[in-house]
Amino acid sequence: MRRIEFMAIALDEARAAGQRGEVPVGAVLVDSGTGDILARAGNRTEELFDPTAHAEILAIRAGTAQRREARLPHCDLYVTLEPCAMCATAISFARIRRLFYGAPDPKGGGVEHGARVFTQPTCHHRPEIYSGIAESDAVRLLRDFFLERRNAATSKGKDR
């Protein structure tokens with residue numbers, strides 16, 4: 001599979017998350033040598049009542065459990081949105097080889113925005129980073145999700 005195909009799977013996970021009422025972010029963890037998908041996940045913070053249940057964290061947890069290893073140096077992670085600082089730190093700790101993401105996140109990102117985790121002197125590992133993979137699809141998915149939520153909230157306000 002090519003990068004765009006892995007990101008398409010991450011986008012499917014993001015759509016499923018959005019349908020569950022979660023912020024639509026999806027992630028796919030891939031063995032960079034074989035191209036096998038080790039894990040795929042979408043956000044589940046609301047469902048699990050867990051603020052750490054971001055797609056990236058869930059995919060890393062599933063991948064390390066499958067491999068029975070705490071580190072994944074031969075793995076690539078595809079995410080629809082720029083990881084937050086928490087997820088970027090987990091990516092570093094897991095020693096993920098390459099990070100591919102779609103949409104930038106100027107407000108909550110932790111890679112090229114905000115904390116810029118991988119540029120910090122305390123960062124133990126910096127993956128190769130590739131941004132903008134299927135960016136327009138990822139942006140559209142997020143924009144539509146939040147627009148729908150705003151419209152629903154506005155409609156509720158009018159019904160009072």
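The values are calculated or read from the model by the stated rules, or taken from the named source; none is laboratory data. Source: prediction; values computed, not measured. We place every Cβ from the backbone using ideal geometry, glycine too, and count neighbours over all the protein chains shown. Each accessible area value is taken on the protein alone, full model and side chains, heavy atoms only, with ligands, DNA and RNA left out. Shrake-Rupley method; radii C 1.70, N 1.55, O 1.52, S 1.80 Å.
Those residues that are over 20 Å from Glu135 (Cα atoms) and either open to solvent by 30 Å² or more (accessible area, probe 1.4 Å) or among the polar types (S, T, N, Q) (or both), I need them from region 36-56; list them, please. Step through it out loud before you land on a result.
Keep residues of region 36-56 that are over 20 Å from Glu135 (Cα atoms), which gives 36-39, 44-53.
Passing the criteria: Asp36, Ile37, Arg44, Thr45, Glu46, Glu47, Leu48, Phe49, Asp50, Pro51, Thr52.
I'm trying to understand the selection: among the residues of region 6-27, which are surrounded by 24 or more Cβ atoms within 10 Å (Cβ to Cβ) and assigned to a loop (DSSP other than H, G, I, E, B)?
Matches in region 6-27: Pro24, Val25.
For the condition open to solvent by 30 Å² or more (accessible area, probe 1.4 Å), over 13 Å from the mean Cα position of the chain (by Cα) and under 17 Å from Arg3 (Cα atoms), what is the one hit in Arg97, Arg71, Arg67?
Arg97
Considering region 100-143 alone, what residues qualify as being buried (at least 19 other Cβ atoms within 10 Å of the Cβ), part of a strand (DSSP E or B) and not aromatic (Phe, Trp, Tyr)?
Gly102, Ala103
Hey, does region 109-127 have a residue that's out of contact with any Lys or Arg (no Cβ under 8 Å at 6 or more places or on another chain), within 25 Å of Arg20 (Cα to Cα) and of a type in the set (Gly, Ala, Ser)?
Looking through region 109-127, at least one residue is out of contact with any Lys or Arg (no Cβ under 8 Å at 6 or more places or on another chain), within 25 Å of Arg20 (Cα to Cα) and of a type in the set (Gly, Ala, Ser).
Within region 82-94, can you find the residues that are small (Gly, Ala, Ser) and open to solvent by 10 Å² or more (accessible area, probe 1.4 Å)?
Ala85, Ala90
Arg149: over 16 Å from the mean Cα position of the chain (by Cα), closer than 21 Å to Ala17 by Cα and among the basic types (Lys, Arg), yes or no?
The answer is yes for Arg149.
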